[in-house]
Amino acid sequence: MLALTGMCALLGASAASASALNVEVVNDSGQPPQSVYLTLHGGSSNDGQLPEETPKALSEIHNSTFSLGSFSGRMYVSYGGPYNEHEDGLEAATRYDKIELTTPGVADVTAVDFFAIPFDLEALDGSGGPVGGPLIYRCYTSTILSKLRELAPSAEVKNGEQFLRFRAPKNAWSSYPSMEPYVKSMAGQTIEVEDIYANAEHPPAVNIKYSGTFEPDGSITLTGTFTERSGAHAEEHGEALHIEGSTLPEAAYTGNGPYTVGGNPATVGENNKYSVIYRDIVAGFELGYWGGNYGNNTKNWLGKPDFAAARSAMEPYATYNEYASIINEYSDAYGAAFNELGPTPVTVPLEAATATLRVTIDPDQGPTACTGIPPASRSTTQGAGSVTGQVVAAGPGKVAIVSKAVELDKRGRALIKLRCVGGPCTGNLTLGQRVIGKRGSTPRRRGRALVSRGKTGHGQRKQKQTRTVALGSARFSISPGKTQSVLVTLTRNARRIVSAAGQRGLVAQATVIIWTGPHTAVAARGSLTLRPYTPPRRRRARRR
C-alpha cells in the first residue's frame, strides 16, 4: 500500500518519459457542444488546442479530441459557460465537475468534494482495445440525487431551481449524520495498524506496526515500530501518535484532521510513515471497518467489502460515510478521501500501452433499469424471474444466471439478471467468448468459434486450442432470494463483434465469481446470446 501521495510521487518521477495521450470527449450529456466547456488546470495540451486555464467550448476542439504530453492536474467540464478555477468552486453559479489525471500514471473521477456531473472513463490501446477496466456511472444524476437528497438535503446547491452540485461531507460535514457516536462506541477497544510506507522520494520502504486503545471520549495514543522491508536495519521504535477524540468525527469525513507525533503537531499532508497510520485510522471510520466484520487490525480489512457490508449489525447511528456509500453504489468514482483502501477500483491506467483516454459525459436521466452495487445489507432488487442458469455452490451463497438472450442498449451495455440463493452473493460477473484456434486468430462472426480442421499423422484431428476473449465484466451484490439486473459494459471490440453477429446473436460465456470471506469461488457458469441494439421504429404520421 503506497502512502497517500506516494503513488503520485512515483508517477511524477517518470513523467519525463511520457508519450502523447489522446483525450477523446464523448458528449452524451444532452447539452449542445457549444455549451460544454473544457478547462485544463496543471498544464496545457501539447497540440495547442487547450492552453492551461483557458476554457474552450467542446465545439472548438477538433473531433472532440486533444492530446497531452507530461501532465498532472485536472480537466474541468462545465455547462453553459466556462469555470474559473480561482473562484469559490462550492458556490460557483456554473455547474461543473472534474476529472483528475496524471500522464504517465492514472486517471480518476472524483466526487470527494461534490457530485455534479457523471462521467465514464476508458483507457484504450492503439487498436482501441481496453487497458484495464473502465470507470462508469451505473446510474446518472437523477438516481443519485434522489438518494443524496434523502440523506442530506441541506448539502444541495442550486441556482434557482437548477441543480448545480451536491456538496460532499468533506465540505459540508455538519449536514450529514454525526460520526461522534461511532467514534465513542470504540471506547476500550484496541486497534492495530499494520501497513507499508513507500515513497520514491523518501526511501526506503518500511513495514508499520502500531497499536493503541480508544479512551471513552474517542481519543487514542498509538505506539509501535517501523522495520525496513529490505532487512538492512533492525526494528526501530517510533514516536507516539496521538489523536484527540473531539477531532475524529469531522476527520472521519474529511480525511484530514489534527494529530501529534511525539507531542508535536502533524498533518496527513506531510506524507510520511506517520501519515499512513493516521490515514488508516480515519479511513477505518469512513469506510466502516473499525468494530466491524474483519476485526480491528488493518491488515485484515484493507481491500475488503466496505460501508454496510463491513458491519456485523445495524446501529442507530452512522457507522460509515453514507454519502460515499451512495456514490460507490452507483459509480466507480472516488466518494471518500481514501476510497482506494476499499475493494472498488477507482482509477484507470495511463501507462505506456494507453493511447487514448475516452471521457464520456453522461446525461442526467437513465439509463433504463439501471442498478447500483449496494452492500449486501442494502441490496436493491429488479423483479423476479425463472431460474434457468446452471447453479454451483460457493460458500454461503449460490448464484443462477437468469438471462438467456440479451439485447444491448444504445451504449453497448448488457443488462443481465442474476438470482441469489442461500446466503448473500457479492462478486463479479464476466462475459467472454470462447475461441478455438491459435492466439491472434480472428473468430468467426455470429457467435461461432474457429475450429482447427487439420489432422495428425495417425488420422487424428489436431488438438483444439481454446482460449477465452474477455467481452466485459461488472461487480454485484445481491441479497438472498432476490433477483437483480447487473449492467455489464462491453469493450469496443466486443460491441463490434456483437454488431457483426446481427440478430442471430453472439453466444457468450458468463462466469460468476463470488467472494466468501478472503476467498473467491466460481458460483455459476452458463451461455447467453448477445444481440446488437435495435433502434425503435418511428411511427409514420397518418395522412388526413
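Laid out as a table, the results:
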{"read-out": "Residue within the stretch 345-359 that is modelled with pLDDT under 85, under 24 Å from Thr491 (Cβ atoms), in the same structural domain as Thr110 (by TED's automatic domain parsing) and not small (Gly, Ala, Ser) present", "value": "yes"}
{"read-out": "Flag if Gly89 is in contact with a Gly (Cβ under 8 Å, 6 or more places away or on another chain), part of a loop (DSSP other than H, G, I, E, B) and of a type in the set (Gly, Ala, Ser)", "value": "no"}
{"read-out": "Residue ID - surrounded by the fewest Cβ atoms within 10 Å (Cβ to Cβ), chosen from residues in the stretch 172-188 that are among the hydrophobic types (A, V, I, L, M, F, W, C) and in a helix (DSSP H, G or I)", "value": "Ala172"}
{"read-out": "Checking Ala200 against (1) within 30 Å of Phe115 (Cα to Cα); (2) small (Gly, Ala, Ser); (3) modelled with pLDDT under 90, the condition it does not meet", "value": "(1)"}
{"read-out": "Selection status of Tyr210, crowded, with 24+ Cβ neighbours inside 10 Å, touching a helix residue (DSSP H, G or I) at 6+ places or on another chain (Cβ under 7 Å) and over 27 Å from Asp113 (Cβ atoms)", "value": "yes"}
{"read-out": "Residue within the stretch 142-149 that is surrounded by fewer than 17 Cβ atoms within 10 Å (Cβ to Cβ), within 30 Å of Glu315 (Cα to Cα) and of a type in the set (S, T, N, Q) present", "value": "yes"}
{"read-out": "Counted residues, the stretch 479-491 - those being in a strand (DSSP E or B), of a type in the set (Val, Ile, Thr), buried (at least 20 other Cβ atoms within 10 Å of the Cβ) and in contact with a Gly (Cβ under 8 Å, 6 or more places away or on another chain)", "value": "2"}
{"read-out": "Cβ-Cβ under 7 Å pairs, at least 6 apart or on other chains, the stretch 259-288 side on the phi > 0 side of the Ramachandran plot, far side of a type in the set (S, T, N, Q) and not in a loop (DSSP other than H, G, I, E, B)", "value": "none"}
{"read-out": "Qualifying residue in the stretch 277-297 (condition: over 21 Å from the mean Cα position of the chain (by Cα), of a type in the set (Gly, Ala, Ser), more than 28 Å from Asn207 (Cβ to Cβ) and outside the structural domain of Pro130 (by TED's automatic domain parsing))", "value": "no"}
{"read-out": "Residues satisfying the stated conditions in the stretch 225-243, i.e. modelled with pLDDT of 95 or more and either closer than 27 Å to Met179 by Cα or loosely packed, with under 13 Cβ neighbours inside 10 Å (or both)", "value": "Ala240, Leu241, His242, Ile243"}
{"read-out": "Hits in the stretch 119-132 - residues which are buried (at least 17 other Cβ atoms within 10 Å of the Cβ) and charged (D, E, K, R)", "value": "Asp120, Glu122"}
{"read-out": "Total residues in the stretch 285-304, condition buried (at least 24 other Cβ atoms within 10 Å of the Cβ), more than 20 Å from Phe226 (Cβ to Cβ) and in contact with a strand residue (DSSP E or B) (Cβ under 9 Å, 6 or more places away or on another chain)", "value": "1"}
{"read-out": "Whichever residue in the stretch 155-168 is farther than 11 Å from Phe115 by Cα and in contact (Cβ under 8 Å) with a residue 12 or more places away in the chain and, among such residues, is surrounded by the fewest Cβ atoms within 10 Å (Cβ to Cβ)", "value": "Gln162"}
{"read-out": "Residue, surrounded by the fewest Cβ atoms within 10 Å (Cβ to Cβ), within the stretch 314-363, restricted to residues that are among the polar types (S, T, N, Q) and under 20 Å from Ala116 (Cα atoms)", "value": "Thr360"}
{"read-out": "Test: residue in the stretch 258-267 that is β-branched (Val, Ile, Thr), in a helix (DSSP H, G or I) and either touching a strand residue (DSSP E or B) at 6+ places or on another chain (Cβ under 8 Å) or over 19 Å from Lys209 (Cβ atoms) (or both)", "value": "no"}
{"read-out": "Flag for Leu135 being modelled with pLDDT of 90 or more and crowded, with 16+ Cβ neighbours inside 10 Å", "value": "no"}
{"read-out": "Condition check for Tyr79: farther than 26 Å from Arg475 by Cβ and crowded, with 17+ Cβ neighbours inside 10 Å", "value": "yes"}
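One line per residue, one yes/no per condition, for (1) more than 30 Å from Tyr197 (Cα to Cα); (2) out of contact with any helix residue (DSSP H, G or I) (no Cβ under 8 Å at 6 or more places or on another chain):
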site	(1), (2)
Ala313	yes, yes
Asn321	no, no
Tyr330	yes, no
Ala333	no, no
Phe338	no, no
Gly342	no, no
Pro367	yes, yes
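The values are calculated or read from the model by the stated rules, or taken from the named source; none is laboratory data. Only a predicted model underlies this, so the values are computations on that prediction, with no experimental measurement involved. Note that each Cβ is placed from the backbone with ideal geometry, even for glycine, and that neighbours are counted across all protein chains shown.
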